[in-house]
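Take a look at the structure below.
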Amino acid sequence: MKCKKCGETAAINMRQHKLALCAEHYLEWLPQQTQRFIEKYHMFGPEDRILVAVSGGKDSLSLWDVLLRLGYRADGLYIGLGIDGGVDYSHQSYEKVKQFVAERSGQHPDMHLRAVDVGQVYGATVPEAAQISNRGHGKPCSVCGLIKRHIMNRVAYDGGYDVLATGHNLDDEVAVLMQNTLHWQAGYLARQAPVLEASRPGLARKAKPFCRFYERETAAYALLRGIDYIYDECPYAEGSNTIYYKGLLNQLEADRPGAKLQFYLGFLEAKASGLFDRVQEEVELNACEKCGQPTSAPGECAFCRLWERIAAYKAEGRPVRSLPVYAKSL
Ligand code: SF4
Ligand SMILES: [Zn+2]
Ligand SMILES: [Zn+2]
């Protein structure tokens, strides 16, 4: 397979685009495409301050790299979840993020890494909080999502950032789209988009500049760019719905190249034509009495109630344990 631009040996073949590129041209192509998506979906402009949520994985680190190369003012936010899972997951992922920053801070003296360690700041790690809270039926993901959303929103908003950028790729988006379609979750479908506007004071604007890249494309970018990222998935991801749907969609893609992209673009077109407008009823949001973040619950938000429950549990002197890695423990 030859590069379409220069005829050298191709490093990647993207069947859905009928495009093969060598390493050099691929490293040009992906940032150019990212810029195109940023403009097409009105994600942010050159003057905006961007906070990139980085996990130490290929998608988020590649996104931060690309945004810096494109000349954006992009800082990173790392959230230490305190997940070990036998692979020292959180510690290893933080090391990758710090290494990424150390390699670039000379060239980009303005880039900053903000780090929030959940265990240190709030007094329990994510697996401990999940074990105490009883949310999520033995899986920490619901508590983890709640905590991450709150912290990301808070750091972005309090830090005066114009937008919070996440590294969601097309495979992530299509897996969610498929789950929401199978269950006809009209409200979720109406809200799924490359950009989520900050509809309330206290909410940060969110954007997903990689939402049209296949996972293998962001992985290829990280590899060819020499970005050292954490290969291990979070140990709690094993057995998740998302991984199951990604597997199904990959089977579909293998038989019908471009099926995943078509599904996603068709959905965005349907949304743009107003298919979901009727569903977008306004959810009544109040400011949480404790932290001030918007919440649909009266009184305190789910995040504050979670930590109150944990404080009460600890006050009784009960032992704080980590939630086991469920897929292996069941
Ligand atoms: S797999 Fe679950 S626990 Fe692990 S980072 Fe994702 S949401 Fe959090
Ligand atoms: Zn080439
Ligand atoms: Zn709150």
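The values are calculated or read from the model by the stated rules, or taken from the named source; none is laboratory data. What you see is a predicted model, and the numbers here were worked out from it, not measured in a lab. Here Cβ is always computed from backbone atoms with ideal geometry, including for glycine, and neighbour counts include all displayed protein chains. For accessibility, only protein heavy atoms count, side chains too; no ligands or nucleic acids. Shrake-Rupley method; radii C 1.70, N 1.55, O 1.52, S 1.80 Å.
Structure summary
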| quantity | calculated |
| --- | --- |
| Given (1) within 16 Å of ligand 1 (Cβ to nearest atom); (2) in a helix (DSSP H, G or I); (3) not charged (D, E, K, R), index of the condition Leu27 fails | (1) |
| Residues of the stretch 172-193 that turn out to be open to solvent by 10 Å² or more (accessible area, probe 1.4 Å) and closer than 27 Å to Leu21 by Cβ, as a count | 1 |
| Residue match in the stretch 205-212 (condition: outside any strand (DSSP E or B) and over 19 Å from Lys58 (Cβ atoms)) | yes |
| Of all residues in the stretch 290-299 being within 20 Å of Ala204 (Cβ to Cβ) and surrounded by fewer than 19 Cβ atoms within 10 Å (Cβ to Cβ), the one that is farthest from ligand 3 (Cβ to nearest atom) | Ser296 |
| Flag if Leu146 is under 23 Å from Gly292 (Cα atoms) and part of a strand (DSSP E or B) | no |
| Matching residues in the stretch 36-68 - criterion: being more than 15 Å from His112 (Cα to Cα), in a helix (DSSP H, G or I) and without any contact (Cβ under 8 Å) to a residue 60 or more places away in the chain | Arg36, Glu39, Lys40 |
| From Ala220, Ala312, residue being part of a helix (DSSP H, G or I) and surrounded by 14 or more Cβ atoms within 10 Å (Cβ to Cβ) | Ala220 |
| Output for the stretch 83-123, where each listed residue is part of a helix (DSSP H, G or I) and among the charged types (D, E, K, R) | Glu95, Lys96, Lys98, Glu103, Arg104 |
| Sole exception among (1) in a loop (DSSP other than H, G, I, E, B); (2) open to solvent by 60 Å² or more (accessible area, probe 1.4 Å); (3) modelled with pLDDT of 95 or more for Asp228, by number | (2) |
| Residue within the stretch 239-253 that is out of contact with any His (no Cβ under 7 Å at 6 or more places or on another chain), within 16 Å of ligand 1 (Cβ to nearest atom) and not in a helix (DSSP H, G or I) present | yes |
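Okay, residues lined up against (1) in contact (Cβ under 8 Å) with a residue 40 or more places away in the chain; (2) over 20 Å from Val155 (Cα atoms); (3) touching a Pro at 6+ places or on another chain (Cβ under 7 Å):
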residue	(1), (2), (3)
Cys288	no, no, no
Cys291	yes, no, no
Glu308	no, yes, no
Tyr313	yes, yes, no
